[in-house]
1. Using a label point 7 angstrom from Cα along Cα-to-C-beta, what distances in nm, from shortest up, separate A:Arg19 from the other copies?
2. Assuming R0 = 25 Å, can you tell me the calculated FRET efficiency for the pair B:Leu220 and A:Asp112, based on Cβ-Cβ distance, to the nearest 0.05?
3. Highest GNM mean-square fluctuation, chain B, Cα pairs closer than 10 Å: which of B:Val251, B:Val270, B:Val123?
4. Roll a 1.4 Å probe over the protein chains and send me the accessible area per residue for region A:4-279 in Å².
5. Using mean Cβ contacts within 10 Å as the protection proxy, how do A:82-95, B:186-199, A:202-215 order, highest first?
6. Got the relative contact order for chain A handy, in percent, Cα pairs under 8 Å and 6 or more residues apart?
7. To the nearest 20 Debye, how big is the dipole of the protein assembly as shown about its Cα centre, given +1 on the beta carbon of each Lys and Arg and -1 on that of each Asp and Glu?
8. Translational diffusion coefficient, Stokes-Einstein: compute it for region A:143-294 using the Kirkwood radius over C-alpha pairs as Rh, at 25 °C and 0.890 mPa s, and state it as an integer in µm² s⁻¹.
There are 2 protein chains.
Amino acid sequence: MSILIEEAAPRDGLQNEARVLSVQERIQLIEALVDCGVPRIQVGSFVNPRAVPQMADTEGVVRGLRKRKGVVYRALVFNAKGLKRAAACGLDHVAVFVSASETHSLRNSGCDVAEALRRAESVVREAKAGGIVVQAGVMNAFGCRFEGPIPESRVLRVAAVLAEAGADELCLADTAGCANPRQTERLVETFLKTFSVPLSLHLHDTFGFGLANVYAAWKLGVTRFDGSCGGLGGCPFIPEAAGNIATEDLVHLFHAMGVPTGIDLEKLTVVRGFLETIVQRNLSGRYGRTGCRL
Amino acid sequence: MSILIEEAAPRDGLQNEARVLSVQERIQLIEALVDCGVPRIQVGSFVNPRAVPQMADTEGVVRGLRKRKGVVYRALVFNAKGLKRAAACGLDHVAVFVSASETHSLRNSGCDVAEALRRAESVVREAKAGGIVVQAGVMNAFGCRFEGPIPESRVLRVAAVLAEAGADELCLADTAGCANPRQTERLVETFLKTFSVPLSLHLHDTFGFGLANVYAAWKLGVTRFDGSCGGLGGCPFIPEAAGNIATEDLVHLFHAMGVPTGIDLEKLTVVRGFLETIVQRNLSGRYGRTGCRL
């Protein structure tokens, strides 16, 4: 079965960069990535621009995009206000995330897990009522930089509320990049048994376990993965969290295993170069850096 | 089951470095690594010092070492002469490798696969007759930088000759770092069904698939893996081949999964720092670079 990769660089990636891109640059990046064959892409988030200036005027980005048919353009929202902004500019896919860590929830969303979950649940219900497709996810599902291990029961409880509210897809996010493949296998198995909606994984690569985690989940049937071109990203509220797994390495892994993604790896390498120019540093990710291209 | 990690930095690592270490420095590195709890270590190779000056006077290294009981000190040999040198300095573990790629065999061993196999077979028989433990392996078992995919039948044929000759352990080496986990799973499954001696894996990390390959093999029951502190290494005869998987990341992976290795990860991080000073550049490997140590 073909893999559905979601490109996170224009959202999770850019929000961690010191340089704030113009709306036009963000549009150019998104269109270039879609042109590589990326089937799903995160275009931005509807958050307070004072908290995350990199994501200011995501409306302008959404309105300015030449949208390609069949491609999912998704933005992150945290509350009713964000959902209203997304709907107002005609976006029909949103994502809403709740952290399973109390400390991270306070830093990331300004409220405890229970309150963040109430907001997210209401976002899911309102979005569904308005005909918007919702991916709902659990951040720090595999552990927290501040709190260490997170009980699986809490991750399941959060996900159950979001699924019950009508989420079209669940996502497990390893926000701090501390998942290992054995743990990934266990949590994914439990999720596949418990929930009937599709599951996606959003993995970071702090310790280099990212692709091993992808493989463990894929072996169980997961086909939806986030990646970020050049491994851009991190979390503005978690020190030393590395970026997402690099989309080019994710694509390369599946192509090497004979599994199609629909993404043109050589074109993606060009976009990665463009991104390196923008952020003015070497990005992580292996494919395109190594001369060996088997 | 506990994992048996073999440290390759003093052999596969150093042979790729421009700077030639003194015998005393090599001894210091080996002893520091053994002091981290490394149960098996590659101390050097008995090759022509004109071809690989970094490995000159491996006799001096072996003789100078304060050996710790229970630790396997192993050197690489290619022919009868190398075996004689290893035996003469009292080494009781050797490794002999044959490349499954004709092009790589010519560059690495100066002869074709058939001739390299004849030499290796005779090394295995002579070593066994002399009471020396032999690990015998297949280089480029997962593909070749020059020839692309390598037929599994050829890898099996080479291994069968070495097993028949009496090898105590077989090793599959991904010399160019082009294995993917699906392929690793298939080849390892075949090996475990075909051969009764233990199997070890020597993986490089060119594309960042190394730990995913480790996980795939471990799931099938493989417990013997090579690593190189700091990801040092490559292959002097393969352009752009990255180093081995970093021992610290390999150890971290297993510890994170709750599987013991007997290695002290914090001490290993200190040795990695020492290695960075020696080679005067940043090494790869994640653990110890990232602040996050879950």
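1. 3.4
2. Details: r = 43 Å, r/R0 = 1.74.
Result of the calculation: an efficiency of 0.05.
3. Greatest mean-square fluctuation among the candidates belongs to B:Val270.
4. Details: 9420 Å² over 276 residues.
Accessible surface, normalised per residue, equals 34 Å².
5. Numbers: A:82-95: 19.5, B:186-199: 15.9, A:202-215: 28.1.
Result, highest mean first: A:202-215, A:82-95, B:186-199.
6. Working: 612 pairs, mean separation 56.4, N = 294.
Reported relative contact order: 19 percent.
7. Working: 66 positive and 62 negative charges, 25 e Å.
About 120 debye.
8. Values: Rh = 16.3 Å.
Answer from the Stokes-Einstein relation: 151 µm²/s.
The values are calculated or read from the model by the stated rules, or taken from the named source; none is laboratory data. As the structure is a prediction and not an experimental result, all values here were calculated from the model. Methodologically, a virtual Cβ is constructed for each residue, glycine included, from the backbone with ideal geometry; neighbour enumeration extends over all protein chains shown. Note: accessible area is taken over every heavy atom of the protein model, side chains too, but ligands, DNA and RNA are not part of it. Shrake-Rupley method; radii C 1.70, N 1.55, O 1.52, S 1.80 Å.
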